């Protein structure tokens, strides 16, 4: 099992400008890296999709140790409950950057997969759209636990059981991203 601190450091090392904006984005990057590279971190259903206390604790420890910096931007409240009133940006510090070479050795063969996930998220523009990234993580979480093919309406129905709201349009929108990572695949319906 990988250490969550190592995973967070490698996510930031792999990101453009060595930074990730948004707690939700960082959690979802960790989720997809965990799934793709079989890192062994624990994730459970949460408001914005799969959430890891290990990753959250690792971020807090890394900030406290000055291995990563945390910048908080406050926004005026909006009427929607589906909106974060603060945005957190995490950056590798020079001290944290020095550690990433050792982290890469620790994570070994998982490193290319972590980099692939971060690159795919950034290329798809999902690092700037935490709601779409959250939807993608929810869809994957549901499909993985189902262990059987699900159509769009069934995924939406399963989401409701977990307490999530996912429209068929949202599911359709993120499936292509999940396919690009090899995390879901389409199957033909059998008559």
Report summary line: In the stretch 31-47, anything farther than 12 Å from residue 4 by Cα and surrounded by 22 or more Cβ atoms within 10 Å (Cβ to Cβ) is listed as 32, 37
Report summary line: If you go through 148, 154, the only one that is more than 19 Å from residue 176 (Cβ to Cβ) and surrounded by fewer than 17 Cβ atoms within 10 Å (Cβ to Cβ) is 148
Query raised in the report: Is it true that residue 141 is in contact with a helix residue (DSSP H, G or I) (Cβ under 9 Å, 6 or more places away or on another chain), surrounded by 17 or more Cβ atoms within 10 Å (Cβ to Cβ) and over 25 Å from residue 40 (Cα atoms)?
Result: no
Requested in this report: Exactly one condition in (1) at pLDDT below 95; (2) under 24 Å from residue 50 (Cα atoms) is not met by residue 122; state its number.
Outcome: (1)
Report summary line: Being surrounded by fewer than 22 Cβ atoms within 10 Å (Cβ to Cβ), under 21 Å from residue 72 (Cβ atoms), in contact (Cβ under 8 Å) with a residue 40 or more places away in the chain and touching a helix residue (DSSP H, G or I) at 6+ places or on another chain (Cβ under 6 Å) narrows 18, 28 down to just 18
Report task. Name the helices (runs of 4 or more DSSP H) wholly inside the stretch 115-191 in which the number of residues that are touching a residue at least 40 places away in the same chain (Cβ under 8 Å) is 2 or more. Result -> 130-146, 168-180
Requested in this report: Exactly one condition in (1) buried (at least 17 other Cβ atoms within 10 Å of the Cβ); (2) over 30 Å from residue 165 (Cα atoms); (3) touching a strand residue (DSSP E or B) at 6+ places or on another chain (Cβ under 6 Å) is not met by residue 69; state its number.
Outcome: (1)
Query raised in the report: Of the residues that make up the stretch 126-135, is at least one within 11 Å of the chain's Cα centre (by Cα), crowded, with 20+ Cβ neighbours inside 10 Å and more than 21 Å from residue 89 (Cβ to Cβ)?
Result: yes
Report task. Return yes or no: is residue 86 surrounded by fewer than 19 Cβ atoms within 10 Å (Cβ to Cβ), modelled with pLDDT of 95 or more and touching a strand residue (DSSP E or B) at 6+ places or on another chain (Cβ under 8 Å)? Result -> no
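The values are calculated or read from the model by the stated rules, or taken from the named source; none is laboratory data. Please read these numbers as outputs of a predicted model, since none were measured by experiment. When we count neighbours, we look across all protein chains shown, and the Cβ atoms used for this are built from the backbone with ideal geometry, even at glycine.
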